[in-house]
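The numbers here are math on the coordinates, done by the rules we state, and not lab data. On a predicted model such as this, the values are computed, not experimentally measured, just so you know. With ideal geometry, Cβ positions are generated from the backbone for all residues, glycine too; neighbour counts draw on all protein chains shown.
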Amino acid sequence: MKRPALKNFRRIVVKVGSSLLIDSARGEVRASWLKALAADIAGLHGEGRDVLVVSSGSIALGRSRLKLPRGPLKLEESQGAAAVGQIALARIWSEVLGDHGIGAGQILVTLQDTEERRRYLNARSTIAKLLEWRAVPVINENDTVATNEIRYGDNDRLAARVATMASADLLILLSDIDGLYDAPPGANPNARLIPVVESVTSEIEAMAGAAGSELSRGGMTTKIEAAKIATTSGTHMLIASGKIEHPLQAIASGGRCTWFLTPANPVTARKRWIAGSLEPRGTITIDAGAVTALRAGKSLLPAGVIRVDGTFARGDAVIVRGPDMHEVGRGLVAYDAEDAEKIRGRSSREAADILGISGRAEMIHRDDLVFGTAMSEPRKQ
């Protein structure tokens, strides 16, 4: 199968591991490499694409700044090192992107932020706002508070969750290796790079090996797990070498890598999940004008809501019914039931006055809404 082209993707998550970012001998950032990567990111950004970065490195940087001895760290030592390193890591990314006139925003997440729906929606909203402002979100696991029981432990799977959260259509894992091989390339000189993986099968999973470097927590196994998360959610993924300068330019020029393909896209995959996987917690009844607006691919505004039933929280799935009480769709509601009742039938400006805060304009955003009796994706205008 023909591999995709980088130029065809609109929202890209780039994952950078500690072993690429940090010189393990000196414990410092590989400055020239990072400047080259920042130039690549700026190139994509200048073409109007959204770019997000998932960056490791806080513990390694903190360890260097604190002059901690080599060897395994206890949990509290890792947390302390991360607290020091996060400041340095954020400053480094801010400076290299700032050199290209691009703002950077730091987001620290834990496992719960991507698994609990309310926190997931809060993180998703923050990411969306930064992208709207044309800033680059720089995301890392919050190692200062994460414990062994409630952490990802590797940024490959975290990057896949972030890609899903942001509705990205491509996830790039920059790695110590330039892709997936059918055998360990270090031990087998005849190992063959697999350029395209159409689906993650048990055979593909069996090709994964162990972690490849001192600073890397993950290995090919976590990358295959990340591919499963990403492709199930409608996001293409690729593994490419980050050892070279300008790695994104190399990908765009057809450089060696492994693509993991998905048959869906982030919006349709998300809507399939909403339509068939979530148990509705309530019902919102809308007027005929709102039905027409939804049919045209618009979001549901409070003004179009005539009745609210059920006990639900922000982020829960609800059934949407028309004035004849027939189901017209399902979606993730942006307000708790109590607040939804208060602002139904009101304009967005009135809703803000009633709630005392400038909240979200939509009762259900169109990206979180599956419209139609067949739960088909609405046409966007």
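For the reader, a short list of remarks on this structure follows.
- Taking the charge dipole of region 1-92 about its Cα centre, with +1 at Lys and Arg Cβ atoms and -1 at Asp and Glu Cβ atoms, the residue from Leu20, Gly43, Phe9 reaching farthest to the positive side is Phe9.
- Placing R0 at 56 angstrom, the Cβ-Cβ distance between Thr221 and Ala39 gives a FRET efficiency of 0.95 after rounding to 0.05.
- Considering only the chain, percent of DSSP beta bridges that pair antiparallel, nearest 5: 40 percent
- Packing, taken as the mean count of other beta carbons within 10 Å per residue, orders the peptides 186-194, 255-263 from highest to lowest as 255-263, 186-194.
- In sequence order, calculated HN-Hα J values of region 325-342 (Karplus, 6.51, -1.76, 1.60; Hz; x Gly/Pro): 6, 7, 5, 10, x, 9, x, 9, 7, 8, 9, 5, 4, 4, 6, 4, 5, 5
- Each Lys and Arg contributes +1 and each Asp and Glu -1, all at the Cβ; summed about the Cα centre of region 271-371, the dipole is approximately 320 debye.
- Farthest toward the positive end of the dipole of the chain, out of Met207, Ala166, Val109, is the Cα of Ala166, where the dipole comes from beta carbon charges about the Cα centre.
- Label-to-label distance for Arg10 and Val145 is 3.4 nm, based on points extended 7 Å past Cα in the beta-carbon direction.
- Most mobile listed residue (Gly46, Gly219, Gly85) in the chain, GNM with C-alpha springs under 10 Å: Gly46
- Distance violations [Cα-Cα > 24 Å] among Lys67/Lys223; Lys74/Lys243; Lys129/Lys271: Lys67/Lys223; Lys74/Lys243
- Residue with peak Gaussian network fluctuation, the chain [Cα springs, cutoff 10 Å], from Asp316, Asp339, Asp324: Asp324
- Mean Cβ neighbour count within 10 Å, used as a protection proxy, ranking 246-252, 202-208 highest first: 246-252, 202-208
- Debye, to nearest 20: dipole size of the chain, +1 on Lys, Arg Cβ, -1 on Asp, Glu Cβ: 600 debye
- Whole-angstrom gap from region 332-346 to region 183-200, using each part's C-alpha centre: 52 Å
- Bridge type composition, region 271-371 - antiparallel percent by DSSP, nearest 5: 80 percent
- Distance from the Cα centroid of region 1-24 to that of region 225-253 is 4 Å (rounded to whole angstrom).
- Straight-line cross-link reach from Lys228 at under 17 Å between alpha-carbon atoms covers these aspartates and glutamates, not counting any fewer than eight positions away in the same chain: Glu115, Asp154, Asp156, Asp169, Glu198, Glu203, Glu205.
- Here Lys35 is the anchor, and the aspartates and glutamates within straight C-alpha reach of less than 14 Å, apart from those fewer than 8 places off in the same chain, are Glu95, Asp99, Glu245.
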